Each structure stands twice: as C-alpha cells, then as structure tokens.
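Visitor: Have a look at the structure that comes next, please.
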Amino acid sequence: MGDIISELSAKFETELDKIKSSEELENIRVAYLGKKGSVTAAMKEMGKLSAEEKKEFGQKVNALKNAVADKISEKKEELAALELQKEIDKVPDFDISLPSKFNQGSFHPITLVQRQCETVFKSMGFTVEDYSEVVTDYECFESVNIPKYHPARDMQDTYYLENGQLLKSQTTAAQNAIYKKYRKDLIENGKPIKAIFPGRCFRNEATDASHENTFFQMEGVMVGKDISISNLIYFMKTMLSEVFRRDIKVRLRPGFFPFVEPGFELDINCLICGGKGCPSCKHSGWLELCPCGMIHPNVLKEGGIDPEKYTGFAFGLGLTRLAMMKYGIKDIRDLNSGNLNSLAQFTDDEE
Amino acid sequence: MFISMNWISDFVDLDGIDKMDLIAKFSLATAEVENDIYFKGEDLSGVVVAEIKSVEPHPESNKLHLLKVDAGDGKLTDVVCGAPNVRVGMKTAFAKVGAHIGGITIESKPLAGFPSNGMCCSEKEVGISDNHDGIMDILDDCPLGTDLKDLYEIDDIIFEVDNKSLTNRPDLWGHYGIAREIATIAKRPLKPLPTIDLSKYDNLEKIDLKIEDELCQRYSAIKVENIEKNVAPVNMRIRLFYCGMRAINLLADLTNYLMLEMGQPMHAFDSRKVGKIRIKRFDKPFVFTTLDGIERNCDENTLMICNDNTPVAIAGIMGGLDSEIVEDTTTLTLESATFNAASIRKSAVRLAHRTDASARYEKSLDPEMTTVAIARFLYLLFEIDSNAKVVSALTDEYAFHYPHISLDFDKTFVDKYTGIEITDEHIVDTLTSLGFGVEHSGDNFKVDVPSYRATKDVSMKADIIEEITRIYGYDNFILKTTEAPLFPIRMDAQTSLEDRAKDILVKRFSLHEVHSYLWQYADEYKKLGMEVEDNIKLAGSTNPNIETLRNSIIPTQLCQVSYNTGYDTDFGLFEIGHVVEGLKSDGLCDERKKLCISLFSKTKSVETLYFELRDMIAELVDDLKHMPISYKKMESSHSYEHPKNLNGLLIDGKQIGKIGVAHPLVSKKIDKKAAIVFAEIDMEAFTEADGKGIKYAEPSKYPSIEVDLSFVAEKFAEINDTIKEKSYSILKSIGVADVYSDGDSKSITTRLLFGDDERTLTHEEVQKVVDEIIENLKNKGINLKL
C-alpha cells in the first residue's frame, strides 16, 4: 500500500509542476483532494487494512494529504503573484516628462494686488468702497480743499467732459461722499469711519513705458475722536508690513497735498537692498511710496464733520505702481493692453 | 533749486556741525533734498595766484606762447600756454606741478618741444564758471602764491532741493528762507540780513508810479545812477554759477543774486524808458518782444508793466527788449514787486514761458519783502561800487495787504493732534526760531504768523501742528494704535458679487481678466468694421482715439480679442469695468458698471461656443443668486452684433444683460475661421436681482418615474413653456435627454420626472398627465416624433 502513496505523491509533483493557471490548480485540487479525488480515494482504501497497517498507512496518507494541500496553497500564492505581476506589466511606464496641457485662467494683476491690500484692510475693520469714474468738479477738487487756481485743475492734467464733469484724477474724489455716507454713524454712535476706496484714475498725459493716462490708486481714510499723527504712523507701518509681508521701516517727510495738514511723503526702506542702498532706491536706502497726512479740517468740514471734535488720517497707495513693483512689470502699458502673453501669467496669488 | 552751504553760512554759524547730517535732517523736516550732493572744489588743489612775467611766441605755433610765471616761490617757471588772452603783468590761476585739477595731476613735461612746468587755468578748468575763452584774469589784490581757495570761496557743498516740495513754501525760494529752517534745525540763531536804511532818500523826488490793476499787489521802485563797475565780484559769480545761473554783468548778476538769496525777483529798467510806470492789462491781444529777443503773444489777461501806455515788461515773467539796460544807460530804475500768484502762473502757462521769476511769483510771495529786497540790493551794490548813487525816493505802491494771521490754541489740542507729549518749551522754541511770534501762558498759546508764511501756507491751527512736529522729528514719535470702539463691518453687496464673479470666471471657466480704456478706440474700431457710437466726449480732445467715451465694453474687448488671435486656438476674456450710457435727465453722465465676456475659438462651431457662454452665465447666475436665467430674443442695434443670434439675459423677468454672436463681418476681420461670442451684464442690475438662497428639500422616500417623450420642435422653450402652462403637482422637473436633427426636422427628447413626497405613484395617474401633456402640445402643433 505504501507504494500507492509514493506513486501518488510522485504523480502529484509532476502534475503540479506543469500548472500555469489558477483554474488548472483548482482542477488538480479537486483531482487529489476533492470528494472523488485520488487522495480521498486512497483514504477510503484504509478500511480494508488491518489495524496495524491502518495505523501506518493512515499516518502516511494523512501526511500526503497535508503535503498536497500545502503545496497547492503554495502554488496558489505563487500564481497570484505571477498574475499580479502580469497586470502590473501590462500598464506602461507613463512619460511624466510630457508637457502639461492645462487651461488656467488669470486675474488682472491689479485685481491681485488690490485683493491683497483689501484683505489687510478688511482684517483691520475697513470697508471697501466702490466709486464712479466720472465725477464732478466738486467731488474731485472743491470738496477736498483744492482751490480754483491749483495746478491739478488745469486742463493739461485733468480730462474734462463736454458736460463739465471730469474723469477722476485721484481717488480723493470719493472722500466727500464717504464722509457724508458714514457721518451719521460717527456722530450718533461713535463709529469711526474706516474706509478704503480703490479705483481707476485718469490723467491727460502722453503714454510711454512709465506713464499712463489710466491707472489705479487706492486711498484710505480713518476718522474718529482723537485720531493722531502717532496713530497714523503706527497704522501705516503696520499696514505696509502686512501688505509686503515683512517688517517695514517707514520714514515721514513733509509733503504738500491740499487735502491733508500736515501732509507727508512716506518712504519705506528699500525692499530690494533692505536699506543699504542700490540702484532701485538711487542708493538712498529709501523708496518714496505713498502720500499721507492728517485730513485737512476744511475737507472734514465739507463732509459734514466738525474738525474741532473729530480728526482723521488719509493715505494713498498707487496700486498700479505696487503691481509693477511686485511683479517686475517694466512697461505700464501692458496693464491695459489685453495682451494675454503678458496678462495670462497672473494666476491666483493669495499668500 | 540749488543751495550753497557757504551762502547759508552767511546767515547761520555752522561751525562744528556735520553738514551731511544737517542736509539729511533738512530733508526730513523741511523739503526733499535730491540724492546727488556736490562737493565743489573737492578735486582742486595746488592752484595758486601767479603773475605772467614774460610772453614769447612759440616758434612753430600761432596759438601757443612760452611764458615765464612767478608763482610767489622766488623763481620763474616756464610754462607753455595756448590761451589767447595771455599778457605780461597779468595775474592768473596757476596749477603747479603736482596740482590736482579736473581729475588730473599736473606733471612737468615738455609741450610742443618746450619744457612746461605747470598750467595756467581758465575759470572753467578751475570749476567756478563755464568761461573757457581764456585763462583766468585775477584782478583782486593778493600776494603771488596765494592758494586760489584762500582767495575765493571755491570749496562749497551744494545740494538740490526738489522744487515740487516747495510748492506751498514761498519763503523757501531763496537762501535766507532756507537758512531760517537750517538755523531752527541746528538750534542756532539766524543772523539778520544786512541792508541799508532807505528812509534817508525820502526827501528825493518820487518815481511816477501807479498800480492800475488789482492783479498787482505791491510795486516798489528806486532809481540809481553812476554805477561804474560792470563785473560782479568773483565770489558772487561763483555762488551764482554753483546755483545754476550764468554770470552776465553786475546789474543782472545782482538781481539774480537777490532772487537766489531772498526769493524776490527784481528787474532793472533803463530809466529813460520808464518815466511813467503803470501796471495794467490791455483790452486787446498784442505782440511783445521780451529781452531774449522772442516775440510773444500777450492777451487781455496778461498783466503788463508799462511806461504810460507802452508795455515794457510782462509782469512777473520777463522784461522787454526795448527797456533793457544797455551800454549807454546811465540811470536805472529798480523794480521789486509782487503780483497775484494765479495770474502769473496762468500767464506763464499761456505764454509757454516759465522763468525763475514766474516760478517764484506763482507760489504767492510775501509783499512785505519788496522794500527789504531793495534795501538789500543797495547794500550789496554799495559794497561793490561805493560811487553808485540813489537818485529817487523809494516809491512804494502797496495795493493789496494779506490779512495778519493770529492763531490761538491750547496744549490739549497739540497733544490730541500729535498723540504724543511735546513740551511747551519745544513748541515755543520751534515757533520762535521759525519767526512766529509766540505768547505762552498756562496751557494757552497765541501765535502770530510771520508775513512770509501768511500768504497761503499757514492759516489755521493744523498748520501750526506741522511746524511743531516736523522740527520735533517724525522719527522721534512714539507709535500708538487707535482706541476706537469695535463695530462689525459689512461689505458692499456689489463689490462682493463682483469679487465672487471674478473667482468663478477665472477658476471655473479659465477666463482671463483684462482691462481696457474708457474711450472708444476710433482707429481700432475702424479696422474691425465697428462704428464709434455717439456718446459724451472729452472736452477739447485732439485725438479721436481718446475722445468719445465707450457705452459698452464689448467693442473694446473685441479689439483685445483681435490682438490675441495668435495666443491660442481657444481663449476667453472678461472685464468688469465702467461705461457711460449717455446723459441722465440732470445732465450728468449715466455711468454703469458692466461685466463683459468674450469667447474665441478656432476649434468649436459658433453654436457650440454660444451655448458654452450661455451655460457659463447660467452657472454664474445660479452660483451667485441661486436663480434660473431666462432669455429673450433681441433686435441687434450695434455694428458688432450678429443680426440673428442676440438674446437678452433675464433674472425673474428683469433684463440684466445680453448675449450675442459677433457680427460676421467683424468676426472675419478678427479671424477668418474663428467663432466669437460675447455677453455683457449690468453689475448693478445683477446685484439688485433677488437671490433665492438655498432651499433644502428632503429627498423623497418614494420612487420617482421618468418618462422620455420625443417631440418635433425647433426650440425647447416651445415645449417647456406649453407644459408649464398647467401646473401638475406630481411633475417634478422637465429636462432634455437628447436633441436630434435629421436634416428635415429637429426632435427634442424631453425627459419628464414624476414623483410624490408622500406616496408611490401609480402608473395610471402618471399616464394621465403624460397624455394630457401630449394633447396640449399637439394643440400647439407640436407632435410626438413617430
């Protein structure tokens, strides 16, 4: 009887070696271990044997059964690994180096810097005010203490329209309306006026790489009780440090602007050399950045606010200049050109 | 304006003060100083006074001379010199061997075959004028060998103050005013200006002088004769040169010197030409020749100085050729006047002739200065030429006085305005040093504004704050945040809508944001076959491309589409910008803010592109307002609109904009094969449209039934509208599953969705509604596709 077992074992080994797929393996499993399988049949033979023979044969046939089962399961893993490898091999090695074809939209660079500034101001409780581009002489000049004979009102600077209105030459044109809009809340509830007003401005001048007749400014005001020069400097330093995302040094010099008193030219330490002096700052270490000052009492008065009770500061930022500085745009005319070779590069720039 | 530190030192003792530090402080406290600072005389050394002892012609050159000069060192030095004005006995500037001049070192070396041990120098070579006609002719008494720098004020520091930063400071248009600032900054006293007493001429006859026009504020004049000297002293000429002016002759140089020193422009007339001075305007335009020989068109607004009825000078701008000082002038009439600032500025602009004088007058000069300037002029003149003689009384017509300004304020005001603690002592010292009269008692200050600050610059308390703080130094401020109560802020609805719309258009639809100008581009429009439409214009424009304001962004954007046809096969542009839709009933511009979108494609059909844009807008409206959009056919009325495919965009029945296809002619001019579509939305109307917000509906627990029906129809709206004429409670939605066109007819497979939140529907009740819908459509001529 022992021969049957060794024959069976040898036969199994030979057949197993030839197996290539899990179906064939399943067939073999059934052929040996199934209800009608050869090992099962051999076990059935056991009943015909004596008790002693039974014991010996039983051990052998059991060992065979276990060995067959083990080898089948071994083979099964082996086949599974092979099949997985085949599936992996089927997928090619993708050429990631192929150029990308994506279709990214873009914001106008002015929108990007404007948003960056607005985020800073909103975080400090400023409202963002929109204003028209066509304004009256009163809005642009008269109401902001620019007397009749001031050069800014001359025909060569300002675009006047046939009906006597004009294209706003400065965002200051919105100041009077903003005071009138919020004065009630200031006077009755003590709510300080905090507003920024970005907008497009126009000046009649010949255009070249650094001059445009159409450009963007952003002006801001804060009016309340006891707003001081100290507050103004603190605010400008804090605000500019946020806008430029670094600690900015500011320096104030007297500057003359009819709508403020005192008025200042604000310099910041040069962003390129950090203040050591370089060609960008003409080796002075400082960059003239924005005019600012304490709002002129006449301007507050004209806006219906008593300058004896309230004070405030105002500042102006050249958004166009800021965008050019930030992105290294050399020709100001690119901004209004609609040229996508230039403009499509300005995808989102949230920091 | 160039400032000479030597000149300043005439009025302030600057000994022991770091000049560069002082200039830096001046820039922060008073007015912007340009970056370049000039150290005059820095590159000059070893130049001494020498006498030419002999002059021999060079044997082989007509130009060169062989000189022997005595430089005071006890020997004669051989020099080869090419100057035409050499003569024996002449004292000149001599650069010895080893001297430094104009960046070179003088060496002993043969010149044209003869030894030359030094160089005789012109004024230009020494750097004190632009005269290079010959070598310097030194007339001043001094021992030979004297260093030129000991004889003349050659070493100087010159800095330039930005004129723009002096716009509001008429007092700073001369060195004396700058010296006052520097004295305050350096905390040193300001010396008085040396002048003569004019009252001693009171007994002489007055000049016939009359102001006949309100534009002249003050006119002071005096007559002088017997001036023998013709050349200004070297030091005076050096200062003029360093400050950017050319020396001409003694009188011209003196008037210029006075202007640079006090900021008061002066003019010298030949007395024979101005017997009867009248200041007035003329009724009619006329031509007037100024002393530079140029004929200028003066008009009825130009204030003139006249000899009776003959104009002799344009007030505050320039004198006339005919009344100029000439060789045989014996008596001169000296003018020192002030005029209305705006009038001078306008005249200078009109004449396109801005002079040093007009630049000062347009700043509102202090009329108090006119007589002081005459007294100072005469002081300087007598120093130079003691034989000069005053032959008239000071004649002074003072027609317009600025009001005297006195301001009261208390310490609390200063503290509140500055936000820091500035001492009483600093306030008093600063204002006093700047020339203000200060009375201080307790917390109260009473300040008298000096006349030279009272013409327009200082008129209110806030102006005083500037004086105090700029000298205190903004760098010395302690920075403090505000202490204001907290309030929530609300963002403007339209601004916020615009921001979100930009995000959707860029991030979801990959469009590119652009900006375009506010006017219609005449030339560009023409190229694309579009018309410049009637609208309000800029006044007096001479450029048709910058003249008529745009009434729509579409055509300016189509121009931008045309610039980009080579950028990509497909792209989209958008702009949120302003347009003016004519005038409102009050005569003011009807300005609107619009969103304009254009799509360009070389790969898609115009129909596909049109639907792409339509869906884009529908999604935009759905996203921002949670509202459906509907369409209304429009008649085209602009040269850029396609005659057929133009639709109004409506939210809740109200039109917010339009969508259209570019006119085929325009489209072909942009690109022969591309499809171009556009839309324009009024942002105000869009903002005002009521939004629905999200209304949550509990999902039904019961199954719904879908029924697809194919109808023969041209437009889905015909089917949709008819079905919606009746409201069926179980009909949840109407959609389109497919559109099929076989050339002859078009069929639209309409998908109806039935359901009920409370129960499962029976097939019978659904079929009943379906039958009714089919029947209703049939009645409208819309049949099921068989």
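The values are calculated or read from the model by the stated rules, or taken from the named source; none is laboratory data. Just so it is clear, the model here is predicted, and its values are computed rather than measured. Glycine also receives a Cβ, built like all others from the backbone with ideal geometry; neighbour counts cover every protein chain displayed.
Visitor: Take the conditions among the polar types (S, T, N, Q), touching a residue at least 12 places away in the same chain (Cβ under 8 Å) and assigned to a loop (DSSP other than H, G, I, E, B) and apply them to B:Asn297. Does it pass? Walk me through it before giving the result.
Guide: Details: among the polar types (S, T, N, Q): yes; touching a residue at least 12 places away in the same chain (Cβ under 8 Å): yes; assigned to a loop (DSSP other than H, G, I, E, B): no.
Answer is no for this residue.
Visitor: Pick from B:Ser364, B:Ser386: which is over 20 Å from B:Leu209 (Cα atoms), assigned to a loop (DSSP other than H, G, I, E, B), in the same structural domain as B:Val234 (by TED's automatic domain parsing) and under 32 Å from the mean Cα position of the chain (by Cα)?
Guide: Matching residue, one of B:Ser364, B:Ser386: B:Ser364.
Visitor: Just need a number here: residues in region B:452-491 that are more than 7 Å from chain A (Cβ to nearest Cβ), assigned to a loop (DSSP other than H, G, I, E, B) and either among the hydroxyl-bearing types (Ser, Thr, Tyr) or farther than 27 Å from A:Ile193 by Cβ (or both).
Guide: 7
Visitor: Could you tell me which of the residues A:Phe197, A:Phe216 is in a strand (DSSP E or B) and over 30 Å from B:Val458 (Cα atoms)?
Guide: Being in a strand (DSSP E or B) and over 30 Å from B:Val458 (Cα atoms) holds for just one of A:Phe197, A:Phe216, which is A:Phe216.
Visitor: Being surrounded by fewer than 14 Cβ atoms within 10 Å (Cβ to Cβ), among the acidic types (Asp, Glu) and either not in a loop (DSSP other than H, G, I, E, B) or not assigned by TED's automatic domain parsing to the domain that holds B:Glu619 (or both) is the requirement here; does B:Glu718 meet it?
Guide: Criteria not met by B:Glu718.
Visitor: So A:Glu205 ticks every box in (1) more than 10 Å from chain B (Cβ to nearest Cβ); (2) touching a residue at least 40 places away in the same chain (Cβ under 8 Å); (3) part of a strand (DSSP E or B) but one. Which box is left unticked?
Guide: Answer for A:Glu205: the failing condition is (3).
Visitor: I'd like the residue in region B:17-70 that is within 14 Å of chain A (Cβ to nearest Cβ) and among the small types (Gly, Ala, Ser) and, out of all such residues, is nearest to the chain's Cα centre (by Cα).
Guide: B:Ala31
Visitor: Scan region B:677-694 residue by residue and report those that are without any contact (Cβ under 8 Å) to a residue 60 or more places away in the chain and loosely packed, with under 15 Cβ neighbours inside 10 Å.
Guide: B:Glu688
Visitor: Please go through region B:652-692 and pick out each residue that is of a type in the set (Gly, Ala, Ser) and modelled with pLDDT of 95 or more.
Guide: B:Gly657, B:Gly660, B:Ala662, B:Ser667, B:Ala674, B:Ala675, B:Ala679, B:Ala685 - these are the residues of region B:652-692 that are of a type in the set (Gly, Ala, Ser) and modelled with pLDDT of 95 or more.
Visitor: Now, a different point. If we keep just the residues of region A:282-307 that are facing chain B (nearest Cβ under 9 Å) and free of Cβ contacts under 8 Å to residues at least 40 places away in the same chain, which is farthest from A:Leu266 (Cα to Cα)?
Guide: Checked region A:282-307; the qualifying residue farthest from A:Leu266 (Cα to Cα) is A:Pro307.
Visitor: Now a separate question. Identify, from the list B:Asp208, B:Asp140, B:Asp171, the residue that is within 28 Å of B:Leu365 (Cα to Cα) and surrounded by fewer than 19 Cβ atoms within 10 Å (Cβ to Cβ). Quick ask: steps written out before the conclusion?
Guide: Details: B:Asp140 fails: within 28 Å of B:Leu365 (Cα to Cα); B:Asp171 fails: surrounded by fewer than 19 Cβ atoms within 10 Å (Cβ to Cβ).
Matching residue, one of B:Asp208, B:Asp140, B:Asp171: B:Asp208.
Visitor: Residue pairs, Cβ under 7 Å, 6 or more apart or interchain, first in region A:93-118 and within 9 Å of chain B (Cβ to nearest Cβ), second part of a loop (DSSP other than H, G, I, E, B) and small (Gly, Ala, Ser). List them.
Guide: Close Cβ pairs (under 7 Å, with a partner that is part of a loop (DSSP other than H, G, I, E, B) and small (Gly, Ala, Ser)) amount to A:Asn103/B:Ser510; A:Gln104/B:Ser510; A:Gly105/B:Ser510; A:Ser106/A:Ala344.
Visitor: Determine, yes or no, whether B:Glu295 is modelled with pLDDT of 95 or more and of a type in the set (Asp, Glu).
Guide: Yes, satisfied.
Visitor: Something else: Looking at (1) farther than 30 Å from A:Phe264 by Cβ; (2) in a loop (DSSP other than H, G, I, E, B); (3) charged (D, E, K, R), which is the one condition that is false for B:Arg188?
Guide: Of the numbered conditions (1) farther than 30 Å from A:Phe264 by Cβ; (2) in a loop (DSSP other than H, G, I, E, B); (3) charged (D, E, K, R), the odd one out for B:Arg188 is (1).
Visitor: Of the residues A:Lys101, A:Lys148, which is closer than 21 Å to A:Ala174 by Cα and not hydroxyl-bearing (Ser, Thr, Tyr)?
Guide: Matching residue, one of A:Lys101, A:Lys148: A:Lys148.
Visitor: May I pose another question? How about region B:492-515: which of its residues are facing chain A (nearest Cβ under 7 Å) and under 30 Å from A:Lys191 (Cα atoms)?
Guide: B:Asp492, B:Gln494, B:Thr495
Visitor: Scanning for something closer than 30 Å to A:Ala177 by Cα, within 12 Å of chain B (Cβ to nearest Cβ) and modelled with pLDDT under 95, does region A:339-351 turn up at least one residue?
Guide: Among the residues of region A:339-351, not one is closer than 30 Å to A:Ala177 by Cα, within 12 Å of chain B (Cβ to nearest Cβ) and modelled with pLDDT under 95, which makes the answer no.
Visitor: Here is a list: B:Glu228, B:Glu205. Which entry is of a type in the set (Asp, Glu), over 27 Å from B:Gly435 (Cβ atoms) and modelled with pLDDT under 95?
Guide: B:Glu228
Visitor: Could you tell me which of the residues A:Ser132, A:Ser169, A:Ser143 is more than 10 Å from every other protein chain (Cβ to nearest Cβ), of a type in the set (Ser, Thr, Tyr) and not in a helix (DSSP H, G or I)?
Guide: Just one listed residue meets the conditions, A:Ser169.
Visitor: What single numbered condition from (1) among the hydroxyl-bearing types (Ser, Thr, Tyr); (2) at pLDDT below 95; (3) touching a Cys at 6+ places or on another chain (Cβ under 9 Å) fails to hold for B:Thr338?
Guide: It is condition (2) that B:Thr338 fails.
Visitor: While we're here: Given the structure, is B:Tyr379 buried (at least 19 other Cβ atoms within 10 Å of the Cβ), outside the structural domain of B:Thr455 (by TED's automatic domain parsing) and among the hydroxyl-bearing types (Ser, Thr, Tyr)?
Guide: Taking the combined requirement at face value, the residue does not satisfy it.
Visitor: Scan the strands (runs of 3 or more DSSP E) fully inside region B:543-645 and keep the ones with 3 or more residues being out of contact with any Ser or Thr (no Cβ under 9 Å at 6 or more places or on another chain), closer than 25 Å to B:Tyr517 by Cβ and more than 9 Å from chain A (Cβ to nearest Cβ).
Guide: B:589-601
Visitor: Could you list, in sequence order, the residues of region A:330-349 that are in a loop (DSSP other than H, G, I, E, B) and farther than 25 Å from A:Ile196 by Cα?
Guide: Matches in region A:330-349: A:Lys330, A:Asp331, A:Ser337, A:Gly338, A:Asn339, A:Ala344, A:Gln345.
Visitor: May I pose another question? List the residue pairs whose Cβ atoms are under 7 Å apart, where the first residue sits in region B:98-123 and is more than 11 Å from B:Thr77 (Cβ to Cβ), the second is hydroxyl-bearing (Ser, Thr, Tyr), and the two are 6 or more positions apart or on different chains.
Guide: B:Gly98/B:Thr105; B:Ala99/B:Ser45; B:His100/B:Ser45; B:Lys109/B:Ser116; B:Pro110/B:Ser116; B:Ala112/B:Ser61; B:Glu123/B:Ser129
Visitor: If you check B:Glu397 against the conditions, is it over 30 Å from the mean Cα position of the chain (by Cα) and either surrounded by fewer than 14 Cβ atoms within 10 Å (Cβ to Cβ) or within 30 Å of A:Phe235 (Cβ to Cβ) (or both)?
Guide: For B:Glu397, the condition - over 30 Å from the mean Cα position of the chain (by Cα) and either surrounded by fewer than 14 Cβ atoms within 10 Å (Cβ to Cβ) or within 30 Å of A:Phe235 (Cβ to Cβ) (or both) - is not met.
Visitor: Right, another one. Can you go through B:Gly437, B:Gly442 and tell me which one is under 30 Å from B:His401 (Cβ atoms) and either among the aromatic types (Phe, Trp, Tyr) or more than 7 Å from chain A (Cβ to nearest Cβ) (or both)?
Guide: Only one candidate qualifies: B:Gly437.
Visitor: Which of the residues belonging to region A:219-266 are facing chain B (nearest Cβ under 10 Å), in a loop (DSSP other than H, G, I, E, B), farther than 25 Å from A:Lys168 by Cβ and among the hydrophobic types (A, V, I, L, M, F, W, C)?
Guide: A:Ile227 - this is the single residue of region A:219-266 that is facing chain B (nearest Cβ under 10 Å), in a loop (DSSP other than H, G, I, E, B), farther than 25 Å from A:Lys168 by Cβ and among the hydrophobic types (A, V, I, L, M, F, W, C).
Visitor: So which pairs qualify, if the first residue must be in region B:485-509 and not assigned by TED's automatic domain parsing to the domain that holds B:Met616 and exposed (fewer than 15 other Cβ atoms within 10 Å of the Cβ), the second must be of a type in the set (Lys, Arg) and assigned to a loop (DSSP other than H, G, I, E, B), the Cβ gap must be under 9 Å, and the two must be at least 6 apart or on different chains?
Guide: Final answer for the pair search is B:Pro485/A:Lys191; B:Phe487/A:Lys191.
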